[in-house]
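Participant: Here's a structure for you.
The values are calculated or read from the model by the stated rules, or taken from the named source; none is laboratory data. Just so it is clear, the structure is predicted and the values come from calculations on it, not from any experiment. Virtual Cβ from ideal backbone geometry, glycine too; neighbours counted across all protein chains shown. Heads up: the accessible areas ignore ligands, DNA and RNA and are worked out on the full protein's heavy atoms, side chains in. Shrake-Rupley method; radii C 1.70, N 1.55, O 1.52, S 1.80 Å.
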Amino acid sequence: MMVTKELELEALLQENRHFEPSEEFRNNANVKTPDLYNESSEDRIGFWAKQSERLTWIEPWTKVLDWEPPFAQWFVGGKLNAAYNCLDRHLKSWRRNKAAILFEGENGDSRVLTYQDLYREVSQFANVLKSMGIKKGDRVTIYLPMIPEAAIAMLACARIGAPHSVIFGGFSAESLRNRIEDAQAKVLITSDGSFRKGNIVPLKSNADIALEGVNCIEHVVVVKRTDNKVAMQEGRDIWYHDAMKNAQLTCPVEPMDAEDVLFILYTSGTTGKPKGVVHTTGGYMVGVSTTHDWVFDLKEEDVYWCTADVGWITGHSYIVYGPLANGATVLMYEGTPDYPAKDRNWEIIEKYGVTILYTAPTAIRTFMKWGPSYPQGRDLSSLRLLGTVGEPINPEAWIWYHKYIGGERCPIVDTWWQTETGMIMMTPLPGITETKPGSCTVPFPGVKVEIVDQAGNPVPKGSGGLLVVREPWPAMLRTVYNDPDRYVSTYWSNWKEIYFTGDGAKWDEEGYFWLLGRVDDVINVSGHRIGTAEVESSLVDYPLVAEAACIGKDHEVKGQAIVCFVTLKEGFKVMDGLVDELKQHVGKKIGAIARPDDIFFTAELPKTRSGKIMRRLLRDIAEGRALGDVSTLADAAVLDFLKRKYNEEE
Ligand code: 7RM
């Protein structure tokens with residue numbers, strides 16, 4: 001993304017609370033000393049070379065990094081297979097009978113797949129794909145609910161070297177079609193339907209619409225999940241269970257070059273057509289297995305639950321590839337947290353004895369809005385570590401998570417990363433890092449993240465600016481599928497050889513990083529550039545407020561005025577004087593310059609399907625423009641409501 005105007009950010013909000021890991025956690029942690037930080041900063045390349053030993057290689061690499069900016073190759077010459085690393089190698093030990101996937105269906109049905117089971121299903125399905133003519137390099141699109149077959153399909157592709165492109169099951173036929181055509185996929189894997197809050201989402205019918213006029217798809221494999229009636233096209237469509245009946249139980253792994261493509265994952269960004277982010281095999285697997293082990297302090301007996309969908313990078317890296325490479329027991333849940341009741345997540349934690357929970361701030365703020373009675377009605381004492389990802393977590397949401405979910409006993413890892421980074425880039429290491437609510441703390445060992453000014457020079461501690469990655473890292477994206485120019489112009493055009501994340505951030509006197517929001521969302525009030533996160537955090541700090549989204553709206557005098565959209569916690573109503581009180585509260589917390597001009601109350605905020613607030617659409621509403629691209633919006637009704645409300649009150 002080109003920075004065309006002044007975009008350095010000011011740091012306004014102060015947060016002084018801090019939390020240390022307990023003595024017990026510290027003593028048992030996978031990482032106990034900060035030495036790794038020093039070692040890795042002295043010899044970053046040597047550090048990652050050492051981490052590559054976690055994997056089983058078919059042929060060793062000869063060079064750690066070949067860097068021709070902005071194109072990187074990691075573990076040059078090495079050969080390996082991701083599915084082998086996630087499955088076969090665990091069969092050689094007692095882990096063969098360890099649970100790999102604990103599946104909980106929306107209706108309460110469950111399935112357990114041991115590593116042996118998963119290996120067998122993956123091998124069989126790899127044979128099915130081969131029988132359809134899929135070879136190394138052919139693309140396969142996966143459009144499935146959160147069921148074990150999603151992981152099975154991904155690993156089967158990896159086993160035979162076919163890059164997969166997973167499309168989140170909530171996407172429309174249109175989005176599915178665009179992504180299938182961009183990747184020129186040969187096979188589509190879907191299901192008859194997907195359960196959602198007691199209803200059935202007709203995935204196969206969506207797929208049929210998506211495939212109208214599409215020539216590249218030769219076969220469609222359909223998993224039976226909901227038992228609703230679907231049309232099967234003779235010669236093209238086949239049921240998963242029928243195809244599996246005749247499939248051989250074993251399938252040799254394809255030796256993949258470290259730089260062969262493992263998957264493509266489409267990310268919409270704020271504008272323009274979705275980009276196919278390309279990840280390769282060696283560096284990605286080293287990155288996700290190392291981070292998964294250290295960030296989540298993984299122990300053999302853990303029950304690990306990441307609530308993301310496999311259609312997002314979080315699902316790829318921290319449900320499938322990282323955890324399975326590490327031999328973890330992964331919980332996979334099909335449904336939503338409020339079905340059949342608002343304590344579903346806590347019921348699941350109680351049922352399976354979940355020890356590690358990794359979820360998103362948007363979910364935590366929703367739980368806060370519902371109130372603590374739901375988690376309080378369940379036994380959450382098995383939990384020992386909590387994580388967050390996806391957006392800045394407001395300190396108040398952090399504290400709530402710590403208190404009501406973590407029982408004030410569990411460290412929280414706030415992990416900053418992106419689809420493009422492939423792996424967690426900034427995070428506490430839970431046994432050694434003192435945490436501060438709202439800060440993702442410090443870069444992971446071997447990762448060089450910085451905050452720079454317009455010219456690309458690091459800003460001093462205590463200041464804000466643009467978040468960049470200064471040195472290549474193993475799980476970095478390699479290109480945009482079929483569009484290397486877009487790869488260069490999107491991420492590498494501001495400064496030569498520096499990756500621009502698109503985020504604004506500050507670091508404090510102790511070198512802790514605080515994310516301030518996307519730079520496209522920065523609000524410019526009288527020349528002060530204010531990140532959305534700080535204004536929103538100060539609003540959420542007010543006891544009645546559940547969630548807030550702040551934007552800048554054109555203003556004759558100030559350049560921009562701050563307009564906020566606020567949701568209240570359940571059981572609270574808007575009362576007289578609340579608007580003024582909230583304005584004052586923000587002014588007191590972070591200064592008069594950030595005092596909002598307007599505050600609107602709403603029951604919901606517009607969000608992407610992965611839960612990120614879409615401030616761009618709020619700007620369109622506030623400035624009376626036609627709405628921009630709404631294809632990634634989760635719930636269109638929210639916008640109609642906001643538009644009406646905004647125009648009424650203006
Ligand atoms: C993993 C994921 C990436 C964008 C990123 C940020 C925001 C993610 C955090 C965060 C503050 C965090 N990939 N973001 N994690 N902001 N603190 N811990 O979300 O490609 O979908 O989004 O998400 O803006 O650039 S993503």
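Participant: Going highest first, how would you order 347-357, 131-141, 278-288 by mean Cβ packing within 10 Å? Walk me through the numbers before you get to the answer.
Facilitator: Values: 347-357: 20.6, 131-141: 17.8, 278-288: 27.9.
Put in order of decreasing packing, that is 278-288, 347-357, 131-141.
Participant: Let me ask something else about it. Which of rounded, prolate or oblate describes region 298-442 when judged by the alpha-carbon gyration tensor and an a/c cut-off of 1.5?
Facilitator: Numbers: a/c = 1.38, a/b = 1.14, b/c = 1.20.
Cα axes put region 298-442 in the rounded bin.
Participant: Another question, then. Which percent, to the nearest 5, of DSSP beta bridges fully inside region 150-288 are antiparallel?
Facilitator: 45
Participant: Going by a ≥ b ≥ c, the root eigenvalues of the Cα gyration tensor, does region 536-650 fall in the rounded group (a/c under 1.5), the prolate group (a/b larger than b/c) or the oblate group?
Facilitator: Verdict is oblate for region 536-650.
Participant: Next question, about the same structure. Within the accessible area of the chain, what % is carbon and sulfur when the probe is 1.4 Å and the other protein chains stay in place? Let's see the in-between values first.
Facilitator: Values: 11620 of 23950 Å².
Using a 1.4 Å probe with all protein chains present, the chain comes out at 49 percent carbon and sulfur.
Participant: When averaged across all projection directions, what area in nm² does the alpha-carbon convex hull of the chain cover? Don't skip to the end; give the middle numbers.
Facilitator: Working: hull surface 107.9 nm².
The Cα convex hull of the chain, projected and averaged over all directions, gives 27.0 nm².
Participant: Moving on. Provide the per residue accessible area, probe 1.4 Å, for region 434-545, rounded to a whole number of square angstrom. Present the calculation step by step, with values, prior to reporting the outcome.
Facilitator: Numbers: 3310 Å² over 112 residues.
So region 434-545 comes to 30 Å² accessible per residue, rounded to a whole number.
Participant: Relative contact order for the chain using alpha-carbon pairs under 8 Å, separation at least 6, rounded to a whole percent?
Facilitator: Relative CO of the chain lands at 15 percent.
Participant: May I pose another question? Residues of region 174-240: accessible area per residue at 1.4 Å, in Å²?
Facilitator: Ligands and nucleic acids excluded, the result is 46 Å² per residue.
Participant: Next question. At 222 nm, what helix-only mean residue ellipticity would the chain give, in deg cm²/dmol to the nearest 500, using -39500 (n - 2.57) for each DSSP H run of four or more?
Facilitator: One gets -8000 deg cm²/dmol as the mean residue ellipticity at 222 nm.
Participant: When the label point is put 7 Å from the Cα of W492 along its Cα-to-beta-carbon vector, which residues of region 48-75 have a backbone N closer than 13 Å?
Facilitator: 66-74
Participant: Still on this structure: Please list S194, S373 from largest to smallest accessible area, probe radius 1.4 Å, with all protein chains kept in place.
Facilitator: So the residues, ranked largest to smallest area, are S373, S194.
Participant: Moving to a separate point now. Quickly rank 33-45, 8-20 as a protection proxy: mean count of other C-beta atoms within 10 Å, highest first.
Facilitator: Working: 33-45: 14.5, 8-20: 17.0.
Top to bottom by mean Cβ count within 10 Å: 8-20, 33-45.
Participant: With the cut-off at 1.5 for a/c, could you classify region 18-113 from its C-alpha gyration tensor as rounded, prolate or oblate?
Facilitator: oblate
Participant: Counting only DSSP beta bridges with both residues in region 210-351, what percent are antiparallel, rounded to the nearest 5?
Facilitator: 50
Participant: Using unit Cβ charges (K, R positive; D, E negative) and no other charged atoms, how large, in debye to the nearest 20, is the dipole of the chain about its Cα centre? Before the final figure, lay out each step's value.
Facilitator: Numbers: 72 positive and 89 negative charges, 228 e Å.
The dipole magnitude comes to about 1100 debye.
Participant: Sticking with this structure for a sec: Just want to confirm a number: the relative contact order over region 450-492, from Cα pairs under 8 angstrom separated by 6+ residues, in percent.
Facilitator: Relative contact order of region 450-492: 28 percent.
Participant: Another question, if that's okay. Please compare each pair in K342/K569; K136/K186; K135/K273; K32/K299 to a cut-off of 19 Å on the Cα-Cα distance and tell me which ones are over it.
Facilitator: Over 19 Å Cα-Cα: K135/K273.
Participant: Just read off the accessible area of W67 with the full protein assembly in place, 1.4 Å probe, to the nearest 10 Å².
Facilitator: W67 exposes around 60 Å² with every protein chain in place.
Participant: With every protein chain left in place, what is the accessible area per residue of region 17-108 in square angstrom, probe 1.4 Å?
Facilitator: 52
Participant: Same structure, new question: Using packing as a proxy for protection, rank 213-223, 500-510 so that the peptide with the highest average count of other Cβ atoms within 10 Å comes first.
Facilitator: Numbers: 213-223: 17.5, 500-510: 20.9.
In descending order of packing, they fall as 500-510, 213-223.
Participant: Output the antiparallel fraction of DSSP beta bridges having both residues in the chain, as a percent to the nearest 5.
Facilitator: Of the beta bridges lying entirely in the chain, close to 60 percent run antiparallel.
Participant: Let me have the relative contact order for region 198-288, percent, based on Cα pairs under 8 Å that are six or more residues apart.
Facilitator: Across region 198-288, relative contact order equals 18 percent.
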